[in-house]
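The values are calculated or read from the model by the stated rules, or taken from the named source; none is laboratory data. Please read these numbers as outputs of a predicted model, since none were measured by experiment. Virtual Cβ from ideal backbone geometry, glycine too; neighbours counted across all protein chains shown.
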Amino acid sequence: MKFLEGTRVVTEGELECNGITRYQVTKFYREQVMNSGYYDQLRYITEPSFEEFVSSGKLDTSGEHDNTVIPGMQHKYAQTGLLLVTDRCISYCRYCFRKRFVGKQSDEIATDFTQIARYISNHPEMTNVLLSGGDPFVLSTARLDKILDHLLPIPHLDSIRFGTKAIAYQPKRFEDPALPALFQRIHESGKASVVVTHFDHISEISVDAERNIRSLRALGVQFLNQSVLLAKVNDDPEILAATFAKCHQMGVRPYYLFQARPVKGASHFQVSLRRGTQIASGINQRLSGIQKTFKYIMSHYTGKIEILDLAGDDRIYMRYHQNKAPEKVGKIFSRPYLDGACWLDDLPEA
Ligand code: SF4
């Protein structure tokens, strides 16, 4: 198998036990990256590295298994249902936090949508559903329509959200002439359709992606973007500020900047929380008020934690953005900072 550092003979077993996922990247994305002027940074997103063999961590860092209520459906936060509708992606990101099943034959994906719809119907506190995976846009529009058949009749769902990196990897997918009707169905059922894109770097935003986003926005689809803070790729406030400014210009609201997770085979992408807070602050210094709509987030087992700052007292200040216990949401807390810490679990409780 080819790695960034050279060729290495590996068995299937070695790949499996080291959490090394399949290698797959679209021709479109490869060319976009090659011509971007940022190949040295962007190659780490899809090209395998020897570092994956020594990167320690877990395969489920945010308690996905513990929050699964039906195969393929997670209910961690009261308002949101998360559906894993596929285990496939159009290209595979080396830093993926769902390495445990993406690109593989998995039993973690949703199959029984009748049961899922029944669960949602019995949970009126759930106001939105996120279709994720894998990438939902590897599925045909007809297949997505079938999933919507189960979701759209549920009156207390206000929005249907799709999380996708396909707009970066294969923007042509969004030129499917059947897609406008799918979004139209969502709107006619009185719900918002939301696409959360996943651009990590301004050079991933192709001309084709921008054109297709603008067309779908004109049909009423709302767009947000989430990025992952990745060592060697985008750990630079200049690049991330430019990425978020470009998103804003296209009508895509910068939403989360995720701290990379301590995932087995991918923890080498983490930057320290000290560096992360410096980058988040550097981004904010470069953006206007209406552009700085992102939150720097650690998606932890205990909840989504907004990382606020590493203050002069050498403590990291944080706030729960989401927590299973609603009374914890918004509460600021702090931990002493330890040099090199990248995750809440690396910080002592004192
Ligand atoms: S597109 Fe998303 S689910 Fe697929 S490999 Fe990348 S991060 Fe993982």
Per the filter on segment 37-76, residues modelled with pLDDT under 95 and hydroxyl-bearing (Ser, Thr, Tyr) are SER55, SER56, THR61, SER62
- prompt: Can LEU157 be described as surrounded by 15 or more Cβ atoms within 10 Å (Cβ to Cβ), within 16 Å of the ligand (Cβ to nearest atom) and aliphatic (A, V, I, L, M)?
  reply: no
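If you take the residues of segment 244-258 that are of a type outside the set (Phe, Trp, Tyr) and buried (at least 24 other Cβ atoms within 10 Å of the Cβ), which of them is nearest to GLY340 (Cα to Cα)? So that I can check it myself, show each step before the final result.
Here is the first cut: in segment 244-258, the ones of a type outside the set (Phe, Trp, Tyr) are 245-254, 257.
Next, only the ones that are buried (at least 24 other Cβ atoms within 10 Å of the Cβ) stay: 247, 252, 254, 257.
Details: CYS247: 31, VAL252: 33, PRO254: 27, LEU257: 19 Å.
Of everything passing the filter in segment 244-258, LEU257 is nearest to GLY340 (Cα to Cα).
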When GLN285 is run through (1) over 30 Å from THR68 (Cβ atoms); (2) crowded, with 16+ Cβ neighbours inside 10 Å, the failure sits at (2)
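Return yes or no: is ARG94 surrounded by 16 or more Cβ atoms within 10 Å (Cβ to Cβ), out of contact with any strand residue (DSSP E or B) (no Cβ under 9 Å at 6 or more places or on another chain), on the phi < 0 side of the Ramachandran plot and not in a helix (DSSP H, G or I)? Even if it seems obvious, please write down each step before you answer.
Values: surrounded by 16 or more Cβ atoms within 10 Å (Cβ to Cβ): yes; out of contact with any strand residue (DSSP E or B) (no Cβ under 9 Å at 6 or more places or on another chain): yes; on the phi < 0 side of the Ramachandran plot: yes; not in a helix (DSSP H, G or I): yes.
Yes; evaluated as a whole, the condition is true for this residue.
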Residues of segment 320-350 being over 19 Å from ARG261 (Cβ atoms), of a type in the set (D, E, K, R) and assigned to a strand (DSSP E or B), in sequence order, are none
Taking segment 50-77 and the residues there that are more than 15 Å from the ligand (Cβ to nearest atom) and among the hydrophobic types (A, V, I, L, M, F, W, C), the one that is surrounded by the most Cβ atoms within 10 Å (Cβ to Cβ) would be MET73
- Task: Say whether the condition of being modelled with pLDDT of 95 or more, closer than 27 Å to CYS96 by Cβ, under 15 Å from the mean Cα position of the chain (by Cα) and outside any helix (DSSP H, G or I) is met by at least one residue in segment 271-293.
- Result: no
Quiz prompt | Hey, SER140 on the phi < 0 side of the Ramachandran plot, surrounded by fewer than 19 Cβ atoms within 10 Å (Cβ to Cβ) and under 22 Å from the mean Cα position of the chain (by Cα) or not | solution = yes
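Quick grid of which residues meet (1) away from the ligand (no atom under 16 Å from the Cβ); (2) surrounded by 20 or more Cβ atoms within 10 Å (Cβ to Cβ):
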| residue | (1), (2) |
| --- | --- |
| ILE90 | no, yes |
| SER121 | yes, no |
| VAL129 | yes, yes |
| ASP135 | no, yes |
| ILE167 | no, yes |
| ASP176 | yes, no |
| PRO180 | yes, no |
| GLU188 | yes, no |
Of (1) of a type in the set (A, V, I, L, M, F, W, C); (2) within 14 Å of the ligand (Cβ to nearest atom); (3) under 18 Å from the mean Cα position of the chain (by Cα), ILE20 satisfies every one except (3)
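Is segment 190-197 home to any residue that is out of contact with any helix residue (DSSP H, G or I) (no Cβ under 8 Å at 6 or more places or on another chain) and among the β-branched types (Val, Ile, Thr)? Talk me through it step by step, then tell me what you get.
Taking segment 190-197 and keeping what is out of contact with any helix residue (DSSP H, G or I) (no Cβ under 8 Å at 6 or more places or on another chain), we get 190-191, 194, 196.
Next, from what is left, pick out any that are among the β-branched types (Val, Ile, Thr): 194, 196.
The answer is yes, given that some residue of segment 190-197 is out of contact with any helix residue (DSSP H, G or I) (no Cβ under 8 Å at 6 or more places or on another chain) and among the β-branched types (Val, Ile, Thr).
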Selection from segment 102-119 of residues without any contact (Cβ under 8 Å) to a residue 40 or more places away in the chain and more than 16 Å from the ligand (Cβ to nearest atom) yields ASP107, PHE113, THR114, ALA117, ARG118
For segment 144-166, pairs from a residue that is within 17 Å of ILE109 (Cβ to Cβ) to a residue that is modelled with pLDDT under 95 and away from the ligand (no atom under 16 Å from the Cβ), with Cβ under 6 Å and 6 or more apart or across chains, are none
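Does THR80 qualify as being polar (S, T, N, Q), more than 16 Å from the ligand (Cβ to nearest atom) and free of Cβ contacts under 8 Å to residues at least 24 places away in the same chain?
Numbers: polar (S, T, N, Q): yes; more than 16 Å from the ligand (Cβ to nearest atom): yes; free of Cβ contacts under 8 Å to residues at least 24 places away in the same chain: no.
No, not satisfied.
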Taking segment 329-350 and keeping residues at pLDDT below 95 and either aromatic (Phe, Trp, Tyr) or surrounded by 13 or more Cβ atoms within 10 Å (Cβ to Cβ) (or both) leaves none
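When segment 10-25 is examined, which residues are found to be within 16 Å of ILE90 (Cα to Cα) and crowded, with 18+ Cβ neighbours inside 10 Å?
THR21, the sole residue that qualifies.
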